[in-house]
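Structure incoming, see below.
The values are calculated or read from the model by the stated rules, or taken from the named source; none is laboratory data. Keep in mind the model is a prediction, meaning the values are calculated, not measured. Note that we place each Cβ from the backbone using ideal geometry, even for glycine, and neighbour counts take in every protein chain shown. SASA here: full protein model, heavy atoms, side chains in, ligands and nucleic acids out. Shrake-Rupley method; radii C 1.70, N 1.55, O 1.52, S 1.80 Å.
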Amino acid sequence: MKTGLILEGGAMRGMFTSGVLDVFMENGIEFDGAIGVSAGATFGCNFKSRQIGRAIRYNKRFAHDWRYCSVRSLLLTGDLYGADFCYNVLPNKLDVFDRETYKANPMEFYCVASDCKTGKPVYKKLETCDEHELTWMRASASMPLASRVVKIDGYKLLDGGMTDSIPLKYFEELGYNRNVVILTQPRDFRKKPASLMWLIKLMLFKYPKLVEAMRRRHIVYNEVTGDIFAKAERGEVFVICPEEPLGISRTENIPDELQRVYDEGRRIATEKLSEIKRFISQ
């Protein structure tokens, strides 16, 4: 049996995931592998580096720093979330990411990005989280319309959530057959068509297959979540998700709101702790 952890994105809804993961770490819950999409990758990597509290700490600390996330950053650099600050200055100097612990932890960790040319997901195993692999992570979290296309290893990439928001199927194909899925939307959430589809077509006109993937994204997402909850009913996967909409902006910069969502993740994970342990040990 291989246990897996699947982490949905959702920008600052990822504070919910961070709360869940910190409870996991505090209680010795481990997995053979994990895969994160967008914020699920950028916050989830702290689970492999065993850095309890790091994600909520630096998000609150830099919530009002224009270099972290701001319209000013978008205008000056082309990225709403500043690439150099988020993937260089912050992890190397301001709130240091523990690469040695990350590398020593045997748990495999993957991220998902979207191939602009093919409109298909690309899966990348991150073994060291060095500068090169952090660029892959940046690609996974590069939201359309708010980020530059990331060029790496012959690919042109954007946010993984555009093509595979919840990569449970991919992990099952890798042989992970006992999976915990952390979602950042409640069970009854149904994604609607992209409201800015006209702007996506305009801005990404060079990548018609990616535009088509975005046009169908809500259909695919709703099918996937429906399948996941059906598997949960059969006891094949374990789902952790908010009980109600989190009510937080994707770019939330109010520290108290970040803390509130983080605390909600902690609360739900704590309540389900015995069930989770029982599920992954079966």
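Are any of the residues in the range 71-83 acidic (Asp, Glu) and in a strand (DSSP E or B)?
Among the residues of the range 71-83, not one is acidic (Asp, Glu) and in a strand (DSSP E or B), which makes the answer no.
Which condition does Leu258 not pass, out of (1) at pLDDT 95 or above; (2) out of contact with any Ser or Thr (no Cβ under 6 Å at 6 or more places or on another chain); (3) open to solvent by 30 Å² or more (accessible area, probe 1.4 Å), if it passes all the others?
Evaluating Leu258 over (1) at pLDDT 95 or above; (2) out of contact with any Ser or Thr (no Cβ under 6 Å at 6 or more places or on another chain); (3) open to solvent by 30 Å² or more (accessible area, probe 1.4 Å) leaves (3) as the failure.
So, in the range 90-128, exactly how many residues are touching a Lys or Arg at 6+ places or on another chain (Cβ under 6 Å), among the β-branched types (Val, Ile, Thr) and surrounded by 20 or more Cβ atoms within 10 Å (Cβ to Cβ)?
Within the range 90-128, residues that are touching a Lys or Arg at 6+ places or on another chain (Cβ under 6 Å), among the β-branched types (Val, Ile, Thr) and surrounded by 20 or more Cβ atoms within 10 Å (Cβ to Cβ) number 0.
Scanning for something among the β-branched types (Val, Ile, Thr), modelled with pLDDT of 95 or more, assigned to a loop (DSSP other than H, G, I, E, B) and buried (at least 17 other Cβ atoms within 10 Å of the Cβ), does the range 179-192 turn up at least one residue?
Taking every residue of the range 179-192 in turn, at least one turns out to be among the β-branched types (Val, Ile, Thr), modelled with pLDDT of 95 or more, assigned to a loop (DSSP other than H, G, I, E, B) and buried (at least 17 other Cβ atoms within 10 Å of the Cβ).
Next question. Filter the range 193-202 down to the residues that are touching a Leu at 6+ places or on another chain (Cβ under 8 Å) and modelled with pLDDT of 95 or more, then identify the one that is surrounded by the fewest Cβ atoms within 10 Å (Cβ to Cβ).
Leu199
Somewhere in the range 46-57, is a residue open to solvent by 60 Å² or more (accessible area, probe 1.4 Å) and modelled with pLDDT under 95?
So the first thing to find is which residues in the range 46-57 are open to solvent by 60 Å² or more (accessible area, probe 1.4 Å), and the list is 50, 52, 57.
Next, from what is left, pick out any that are modelled with pLDDT under 95: none.
No: the range 46-57 contains no residue that is open to solvent by 60 Å² or more (accessible area, probe 1.4 Å) and modelled with pLDDT under 95.
Still on this structure: Output the residues belonging to the range 15-35 that are within 12 Å of Lys48 (Cβ to Cβ) and open to solvent by less than 10 Å² (accessible area, probe 1.4 Å).
Once the filter is applied, which keeps residues that are within 12 Å of Lys48 (Cβ to Cβ) and open to solvent by less than 10 Å² (accessible area, probe 1.4 Å), the range 15-35 yields Leu21, Phe24, Gly33, Ala34, Ile35.
Do we have Arg190 as under 19 Å from the mean Cα position of the chain (by Cα) and of a type in the set (D, E, K, R) here?
Here the answer is yes, as Arg190 does meet what is asked.
Looking at Arg250 and the list (1) open to solvent by less than 30 Å² (accessible area, probe 1.4 Å); (2) out of contact with any strand residue (DSSP E or B) (no Cβ under 8 Å at 6 or more places or on another chain), which single condition is not satisfied?
Arg250 satisfies all of (1) open to solvent by less than 30 Å² (accessible area, probe 1.4 Å); (2) out of contact with any strand residue (DSSP E or B) (no Cβ under 8 Å at 6 or more places or on another chain) except (1).
Output the helices (runs of 4 or more DSSP H) that fall wholly within the range 202-282 and possess 1 or more residues being within 18 Å of Gly9 (Cβ to Cβ), or say none.
Of the helices (runs of 4 or more DSSP H) lying wholly inside the range 202-282, those with at least 1 residues that are within 18 Å of Gly9 (Cβ to Cβ) span 208-215, 217-233, 255-271.
Also, I was wondering about something else. Which one is farthest from Glu30 (Cα to Cα) among residues in the range 79-126 that are of a type in the set (Phe, Trp, Tyr) and touching a Cys at 6+ places or on another chain (Cβ under 6 Å)?
Tyr81
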